[in-house]
């Protein structure tokens, strides 16, 4: 099987797995069956609290907020567009903006209240499930990594690009649990939703590309 075919198959299988995970989490959240799991992880992370760690996670969580992602994303789209990578620019914009729209729908559907926030921070006004920071950072850094890694370079370079994207997304998700902004199940569901959405965007892009190449 050619490399593009293998990548599409891997993306499809990842999306199927993510969909199963999201459905499983959603069912248990609705039935309130994640309470013990969420409390155990929240309690363990909160037990590690220290002023330096709290300061670090507050900075990390900022990198998953709209105040960071919107201007940085706009800069990336502008850079891709001006250098002639217009397909990549559109793909990135659709993946991130569409992910934001999907997130809003999911939050309204499940309307899960937020957990008690730690460290005297202000509680967000939106619903809790799934985590927007986890979902949007995974969409943002995942698609950005795919675009950059697709350019000519060594396998080692591609590995470190993907490693940085995964690490950034994971740290942002952990920061939301540490600060008390989300339950762990919210964060896991956010990652699962991101995989589903990005895979759907990729499959649609490949389908359109295939129709353009067809005689």
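The table below gives the values:
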{"item": "Most fluctuating residue given options 185, 126, 137, as computed from a GNM of the chain linking Cα atoms under 10 Å", "result": "126"}
{"item": "Inter-probe distance in nm under a simple model that places probes 7 Å from Cα toward Cβ, at residue 126 and residue 9", "result": "3.7 nm"}
{"item": "Highest-MSF residue in the chain out of 121, 19, 136 [GNM, Cα springs under 10 Å]", "result": "121"}
{"item": "Value of relative contact order over segment 3-213, rounded to a whole percent, pairs C-alpha under 8 Å and six or more apart", "result": "33 percent"}
{"item": "C-alpha center-to-center spacing [segment 134-185, segment 41-98] in angstrom", "result": "9 Å"}
{"item": "Candidate values (1) 13.6; (2) 11.4; (3) 10.6, label of the one derived for mean projected area of the Cα convex hull in nm²", "result": "(1)"}
{"item": "Listed residues 69, 103, 13, most fluctuating in the chain (Gaussian network, C-alpha, under 10 Å)", "result": "13"}
{"item": "Normalised contact order of segment 88-215, rounded percent, pairs of Cα under 8 Å and 6 or more residues apart", "result": "34 percent"}
{"item": "Helix 66-82 axis, angle to the chain major axis (alpha carbon atoms, nearest 10°)", "result": "10 degrees"}
{"item": "0 to 90° range, to nearest 10: angle between helix 86-110 axis and the chain longest Cα axis", "result": "30 degrees"}
{"item": "The chain - mean residue ellipticity at 222 nm from DSSP helices (-39,500 (n - 2.57) per run, n ≥ 4, rounded to 500)", "result": "-27000 deg cm²/dmol"}
{"item": "Crossing angle, helix 184-213 versus the chain [Cα axis fit, 0-90 degrees, rounded to tens]", "result": "10 degrees"}
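The numbers here are math on the coordinates, done by the rules we state, and not lab data. Quantities reported herein were computed from a predicted structural model and do not represent experimental measurements. Because the Cβ atoms are built from the backbone with ideal geometry, glycine has one as well, and the counts that use them run over all protein chains shown.
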